[in-house]
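Below: one structure, written as structure tokens.
The values are calculated or read from the model by the stated rules, or taken from the named source; none is laboratory data. All figures in this text were calculated on a predicted structure; none of them were measured in a lab. FYI the Cβ positions are ideal-geometry reconstructions off the backbone, even for glycines, and counts take in every protein chain you see.
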Amino acid sequence: MYNQHKILRVFQLINLLKAKPSKSIRSLAKTLAIDNRTIYRYFDLLREVGFELEKDCYNRYFIPDETSVSPFSLSPEESALLKELLMTSGKGSILKDSILKKLYIHSDIHIQGGQVFKAHLSSLVEKVGEAIAKGKQLLIKKYYSANSNTIDDRIVEPIHFTDNYQNLVAFEVATKQVKYFNIERMTTLEILPKAIQHADLHKTSTPDVFGFGGSGQTHDVDMWLSLRAYVFLKEEYPLTIPYLKYDKKRDQYRLQVTVNNLAPVQRFVNGLEGEVFDVEFTKYYRE
């Protein structure tokens, strides 16, 4: 059980490091509820399996997008074990099959750490598909929210994937809202025995720039951003780019957009204290 928890924490750490903005050692340790020395040990493990770790000018760590990783060799026994683990990740996965083709039981292989992580994502996608097919509720264990910088469990009723399988559109039971959940920020999934209870509320609509579907109410947002906040916003939420304008006189960026939910906007502002200015919301927020 200890090794299983360690593996889950490593996947959580990968999720945190892949999500912008970059994170300090202290922030990572606090989010994962472990000490700083353990974070450094996990860093060594990630480098050993081929992940590239980088630091920004503030000594905060991140895994760069489309990171190029160095291959390493596995013994025949290790190859056999890895193949067995991948075979249990589910059927019909293109990512899994791609990895299996590169594994040879009687010879050394080369496999990249990023590919193992994608195999993990593939198993998550397949489990979601199974829950949808069976009409069952789904427990997302230790979901990492980039907005609130927290990791917690979510009970949802899955509806469908976005076109690129990057997000799951699901009804969250606790909030009674349809939300978009990033697959890469899930640690593990559990199909619950309870059948879907709120099918009549599974109303999806075109998401706003923060990924939230409509609920019959919209909110106007107007705020000014520093360069750092601007870079983070457009990289984490690329749909905001058409609504961002640079003001030469103020040397700041302005976001004017209509959203379906103010929660991610509030979390963005709170997470970048001192980097967002003159924030104005609609009357719905003040009420």
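A few remarks follow.
Here's the yes/no breakdown for (1) buried (at least 18 other Cβ atoms within 10 Å of the Cβ); (2) outside any strand (DSSP E or B); (3) without any contact (Cβ under 8 Å) to a residue 60 or more places away in the chain:
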site: Leu189; (1), (2), (3): yes, no, no
site: Asp200; (1), (2), (3): no, yes, yes
site: Ala229; (1), (2), (3): yes, yes, yes
site: Phe232; (1), (2), (3): yes, yes, no
site: Glu235; (1), (2), (3): no, yes, no
site: Thr240; (1), (2), (3): yes, yes, yes
site: Lys249; (1), (2), (3): no, yes, yes
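- Filter result (over 22 Å from Pro238 (Cβ atoms) and either of a type in the set (A, V, I, L, M, F, W, C) or surrounded by fewer than 17 Cβ atoms within 10 Å (Cβ to Cβ) (or both)) within region 154-176: Ile155, Val156, Ile159, Phe171, Glu172, Val173, Ala174, Thr175, Lys176
- Test for Asn36: is it at pLDDT below 90 and more than 19 Å from the chain's Cα centre (by Cα): no
- Test: residue in region 201-224 that is in contact with a strand residue (DSSP E or B) (Cβ under 9 Å, 6 or more places away or on another chain) and of a type in the set (Lys, Arg): yes
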